[in-house]
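The values are calculated or read from the model by the stated rules, or taken from the named source; none is laboratory data. Worth saying up front: this structure is predicted, and the values here are computed from it rather than measured. For neighbour counting, all protein chains shown are included, and Cβ atoms are generated from backbone atoms with ideal geometry for every residue, glycine included.
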Amino acid sequence: MKIGAFCLLVLTTAAAFPQDGSLQIDPQLLAHINTTPAIDNHTHVEKVTGPGEKDTEFDALPCPENEPALTPAMARSDIPELFSAWHALYGYNFRDFSPQHLAELAASKQQVRQREGDNFPAWALDQFRTSIMFANRINMGRGLTAPRFRWVPYDDALMYPLNNDGLKAENPDRRFFFGREETILKSYIQQSGLSAVPDTLDGYLKQVVTPTLERQKHAGAVAIKFEMAYLRSLEVRRVDEAAAARAYESLHSRSLTGADTPAYQELQDYILAYLAGEAGRLGLALHFHTGFGCGSYFKLAGANPLLLEELLDNPELRKTTFVLIHGGWPWSGEMATLLTKPNVYTDTSEQSWLLPAATFAPVLRLLLEFAPEKVMFGTDLYGADEPIGAEGGNPGVSVGWEDVGWIAGRRVRNALAMALSGMVRDGEVTPARAREIASLVLNGNASKLYGLIP
Ligand SMILES: [Zn+2]
């Protein structure tokens, strides 16, 4: 009797806290998920580079290297999933970081890159069954060509056409970020055939903002990206044109301090609404970073996706599509509810690199229980800078974007299988509907939203 009661207790505990997430997965559903090609809604894929060349355009605002924040443990370069990724991609047969094994791995990586040349990015996509990858980059580059790679350029810079000294003074990261944005804005102004910002807001919008969006569309962009949460709060207000024009004219020819920030912010809000309207006209979706971000000065409270509500609810922007990327994590409940708005979408990017599959599965499940036709596959893949095992004259091995892509993609697929298996088990959806939802998340929702053929 005692033994029986003990066994029952163990079984109950095991059901509530499964030790192995795979026990919870329907194998047929997992097989369907693993063989379905994905459209990756958000990545920082790198271009093919020559010897000694460095790709500096894979992110407008890369993580600042001074005063770094703690890297979440599941996104570090010592996770055992790396062995699986290296095995799948490069035939690595070890589960350790010994210098000799890493040297062999470095040679294999080099060999594959040489063999594939400009085809290396497409080769990598084939390894993890990604049919189309969105490249969130300042510019595209070698090996990143349509139809498999689609451009998502950055347009934050257009929101900050005035003197940014007051904004830079907030902290060292903002100083670094606004410096980067100023360089990008300068190139947008030059590409628009001007040497400085025009004197009036109307001139700026018509001669710089609209032509920049039109050039990006013409160059193949499918969406435009805002890393606004790294630069200011996502809280956007409705501002009328006359007030914005007055702010522009009174502020544009002088140095600004923190005291000017509220007026400058109103101007930014107006420019953003204008950008959203123009993007809607041109068929470009707006991508926003939402939720957790990198850097030790990142203001998480300002990255809550609910802060965008005023923009999402603007009746003049109903033709604009908003993709609030990274699922707004840790505000997943807020995101799930925002997805019921007609023009709001999200993706699985970033969370799948921060969280292992078993932790991400319940997050994803909540999103799918609200709006399965609004959630898209995404990884936020990146190449890590710090090489592993670089000591004593040994160069070590860099964790490449393909390694991160393999791991994050597998986490999304496993989390999707766990979430949907749970929904079937609990009678929320039929097995057939679960397969359908899996396909929607992997490619159907993105292909419909952006008009793509996977
Ligand atoms: Zn990203």
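Per-structure values
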{"read-out": "Residue among Gly422, Gly396 that is more than 16 Å from the ligand (Cβ to nearest atom) and at positive phi", "value": "Gly396"}
{"read-out": "Residues that are surrounded by fewer than 17 Cβ atoms within 10 Å (Cβ to Cβ), part of a loop (DSSP other than H, G, I, E, B) and either among the aliphatic types (A, V, I, L, M) or more than 23 Å from the chain's Cα centre (by Cα) (or both), drawn from segment 73-94", "value": "Ile79, Pro80, Gly91, Asn93, Phe94"}
{"read-out": "Verdict on Ile138 being assigned to a loop (DSSP other than H, G, I, E, B), under 21 Å from the mean Cα position of the chain (by Cα) and at pLDDT 95 or above", "value": "yes"}
{"read-out": "Close pairs (7 angstrom Cβ cut-off, 6 or more residues apart or separate chains): touching a residue at least 12 places away in the same chain (Cβ under 8 Å) in segment 41-52, more than 11 Å from the ligand (Cβ to nearest atom) and among the basic types (Lys, Arg) anywhere", "value": "Lys47/Arg142; Val48/Arg142"}
{"read-out": "Residue in segment 368-376 that is in a loop (DSSP other than H, G, I, E, B) and either without any contact (Cβ under 8 Å) to a residue 60 or more places away in the chain or over 25 Å from Arg137 (Cβ atoms) (or both) present", "value": "yes"}
{"read-out": "Qualifying residue in segment 278-291 (condition: of a type in the set (Ser, Thr, Tyr), within 25 Å of the chain's Cα centre (by Cα) and surrounded by 17 or more Cβ atoms within 10 Å (Cβ to Cβ))", "value": "yes"}
{"read-out": "Identity of the residue in segment 331-363, surrounded by fewer than 17 Cβ atoms within 10 Å (Cβ to Cβ) and over 15 Å from Lys374 (Cβ atoms), that ends up farthest from the ligand (Cβ to nearest atom)", "value": "Pro362"}
{"read-out": "Near pairs, Cβ below 7 angstrom, 6+ apart or cross-chain, from segment 379-398 (without any contact (Cβ under 8 Å) to a residue 40 or more places away in the chain) to any residue that is among the hydroxyl-bearing types (Ser, Thr, Tyr)", "value": "Pro387/Ser398"}
{"read-out": "Complete set of residues in segment 204-258 that are among the hydroxyl-bearing types (Ser, Thr, Tyr) and more than 29 Å from Phe149 (Cα to Cα)", "value": "Tyr204, Ser233, Tyr248, Ser250, Ser253, Ser255, Thr257"}
{"read-out": "Top-ranked residue of segment 210-264 - restricted to ones that are polar (S, T, N, Q) and part of a loop (DSSP other than H, G, I, E, B), ranked as nearest to Ala169 (Cα to Cα)", "value": "Thr257"}
{"read-out": "Condition check for Val323: under 24 Å from Cys63 (Cα atoms) and touching a helix residue (DSSP H, G or I) at 6+ places or on another chain (Cβ under 9 Å)", "value": "yes"}
{"read-out": "Answer from Gly451, Gly427, Gly383, Gly444 - the residue that is in contact with a Gly (Cβ under 9 Å, 6 or more places away or on another chain) and at pLDDT 95 or above", "value": "Gly451"}
{"read-out": "Selected residue [away from the ligand (no atom under 16 Å from the Cβ), under 29 Å from Ala244 (Cα atoms) and either under 24 Å from the mean Cα position of the chain (by Cα) or in a helix (DSSP H, G or I) (or both)] from Phe120, Phe176", "value": "Phe176"}
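For (1) of a type outside the set (A, V, I, L, M, F, W, C); (2) not in a helix (DSSP H, G or I), each residue gets a yes or a no:
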site: Glu316; (1), (2): yes, no
site: Ala336; (1), (2): no, no
site: Ala361; (1), (2): no, no
site: Ala384; (1), (2): no, yes
site: Ala390; (1), (2): no, yes
site: Val399; (1), (2): no, yes
site: Glu402; (1), (2): yes, no
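For every residue, the table says whether it meets (1) closer than 22 Å to Val222 by Cα; (2) touching a strand residue (DSSP E or B) at 6+ places or on another chain (Cβ under 8 Å); (3) at pLDDT below 95; (4) of a type in the set (Ser, Thr, Tyr).
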{"residue": "Asp26", "(1), (2), (3), (4)": "no, no, no, no"}
{"residue": "His32", "(1), (2), (3), (4)": "no, no, no, no"}
{"residue": "Val48", "(1), (2), (3), (4)": "yes, no, no, no"}
{"residue": "Lys54", "(1), (2), (3), (4)": "no, no, yes, no"}
{"residue": "Asn66", "(1), (2), (3), (4)": "no, no, yes, no"}
